[in-house]
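Bear in mind that the values in this text are calculations on the coordinates, not laboratory data. Remember, predicted model here, so these are calculated numbers, not experimental data. Every residue, glycine among them, receives a Cβ derived from its backbone with ideal geometry; neighbour counts consider all protein chains shown.
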Amino acid sequence: MPVTVVIALGSNRGDRGMNLRRAVDALSPHVRVVRVSSVHETAAVDAPVGSPAFLNMVVVGYTSLSPFALLDGLQSIEEGLGRVRGVRNAPRTIDLDLIFYDALRMRTPRLTIPHPRYERRRFVLEPLAEVWPGVKPARRCV
């Protein structure tokens, strides 16, 4: 039975807008996207000095995949779009974060749901508020 998922997308390297569009398109084998926020430009947070600004957005959809299978799919999309892992929070072509997986709450070394920092990130909460009624950014968000 499909579950509702929320995924945050961000890009601050290369053609940021195209990276977001390609990532949303690449979600189709994994998620049936039903809502897409507008794109928000924000300064890089907790990133190396001089990191360029991000374009961010949020999508809501349905998946029949397990949380770990979905995570594998998201990481495969990131890799396919040129994401290179290494330096924490370094500029990247695409970042896909699983924010919610239905009402599931879990914490493992590989995956925490809901995403552990989403409530402190304006770049997640503002686009999320567009597609998920009732969400309000807290005043102390970055």
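What is the extension gain from R35 to V49, computed as 0.36 nm multiplied by their sequence separation minus the C-alpha to C-alpha distance, in nm to one decimal?
Taking R35 through V49 to full extension adds about 1.7 nm, to one decimal.
Convex hull volume of the Cα atoms in the stretch 27-82, per residue, in Å³? Walk me through the numbers before you get to the answer.
Working: hull volume 6.1 nm³, N = 56.
So the per-residue Cα hull volume is 108 Å³.
Rounded, prolate or oblate: which fits the chain, taking a ≥ b ≥ c as square roots of the Cα gyration tensor eigenvalues, rounded meaning a/c under 1.5, else prolate when a/b beats b/c?
rounded
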TODO: For R107 paired with D15, estimate the spin-label separation in nm (one decimal), with each label point 7 Å from Cα along the Cα-to-Cβ line.
DONE: 4.2
- [ ] Pull out the extension gain between Q75 and Y62, defined as 0.36 nm times the separation in residues minus the alpha carbon to alpha carbon distance; nm, one decimal.
- [x] 2.9 nm
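Given the rule -39500 (n - 2.57) for each run of at least 4 DSSP H residues, summed and divided by the residues of the chain, what is its mean residue ellipticity at 222 nm, to the nearest 500 deg cm²/dmol? Write down the numbers at each step before the final one.
Working: 3 runs with 35 residues, N = 142.
Result for the chain, helices only: -7500 deg cm²/dmol.
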